[in-house]
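Derivation of every value follows stated rules applied to the coordinates shown; laboratory data play no part. The shown structure was predicted, so the numbers you read here are calculated from the model rather than taken from an experiment. Note that we place each Cβ from the backbone using ideal geometry, even for glycine, and neighbour counts take in every protein chain shown.
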Amino acid sequence: MSTPTLVAAPRLEPASRQRLAWLVALVGLVAFGFVLDIALGPVRIPVLMVVKILFGQATDSPAWAFIVRQIRLPKALTALVAGSGLAVSGLQMQTLFRNPLAGPSALGLTAGAGLGVAVVMLASGSAAGGFAIRALGVGGSWALVLAATIGAALVMALVLALSARVRDNVVLLIVGLMIASVTGAIVSLWQYFSAPEQIQEYLLWTFGSVGGVVGSHLVVLAAVVGVGLALAFASAKPLNALLLGENYARSMGLSVGRARTLIIASTSLLAGAITAFCGPIGFIGIAVPHLTRGLLRTADHRVLLPGTCLAGAALTLGCDCLAQLPGSQTPLPLSVVTSLLGAPVVLWVVLRRQNIRSSFS
């Protein structure tokens, strides 16, 4: 009788172990930021009490349980979903265009959503007042969500039509920037001729917020972002091939047109839905992919996609926590905090890795 041979388990290389350690650390950061985001606010709730409430344990304070479950839990979930979606959409755009400055707004989707909201909120004072649900934040109105989604969808349809004729990704990026400039000019012109109270409502939406998405809104947002993330993870191999150029990708048997359509559709779903529900949230889509590349030190999208997803969620939760720190009844605008935190992150990564352009060539 022969002695069975023991086969040693494959050992991870040091670089792979380091990436795995970073991914585990990012999971821990997301969990910590999620609980801390729920604990912070005008009414400070102990972290241990938050954990007990989240796990359904009894508490002596029904008011705390109501605040956690009905108000802050949906806000933290929205921050998690929005951060993941914006970061992944930014990663896809930077890879597709091979441009470190590309982001979710590169194709004009954010501007299109903003134009849709402007149509509702600046059309007439009575319409704006009726559609903006102040109790939930301006992002909680179904009318605003529908208008923003239609605006982003129209821009997506235009970009998809142009992508069938424009084969150069750089030219397509310029087209997207021009679309964003035109829509931004239309909104600015509309604001110039609008009443001050109408402009105030629109400006509140442009500040960005994750506190107005509750109930069925959150279910719809999570479902749409889930579809967009699924498409993004399905495009991991095409994204790796596109890093080496379209000619190489075609030589590997990749249908470049189909891959571009898949990536643009995924980005449109992510950026359009998040902008519609939460308003424009800046710098997450640009900063997080660079931060993730600097941490994981890889260009493989099979690793970058989950890492970017986790880092985007962690950074957005962290920014929302910082927005609560002043302790006032009104938190700071989320978009302001993400921009203040995102710009130094990009500068740090660029200065630390001066050959950042090599990640896209």
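Estimated from the Cβ-Cβ distance and a Förster radius of 35 angstrom, the FRET efficiency linking residue 193 and residue 166 is about 0.55.
In this simple spin-label model, placing a label point 7 Å from the Cα along the Cα-to-Cβ direction at both residue 20 and residue 300 gives a separation of 1.2 nm.
Between the beta carbons of residue 247 and residue 61, assuming R0 = 51 Å, the FRET efficiency works out to 0.20 to the nearest 0.05. Judged by the gyration tensor of its Cα atoms, with axes a ≥ b ≥ c, segment 150-260 is oblate; a/c meets the 1.5 cut and b/c is at least as large as a/b. Between residue 31 and residue 341, the modelled label-to-label distance comes to 2.0 nm, taking each label 7 Å out from Cα in the direction of the beta carbon. Here the calculated FRET efficiency for residue 200 and residue 174, from their Cβ-Cβ distance with R0 = 45 Å, stands at 0.85, rounded to the nearest 0.05.
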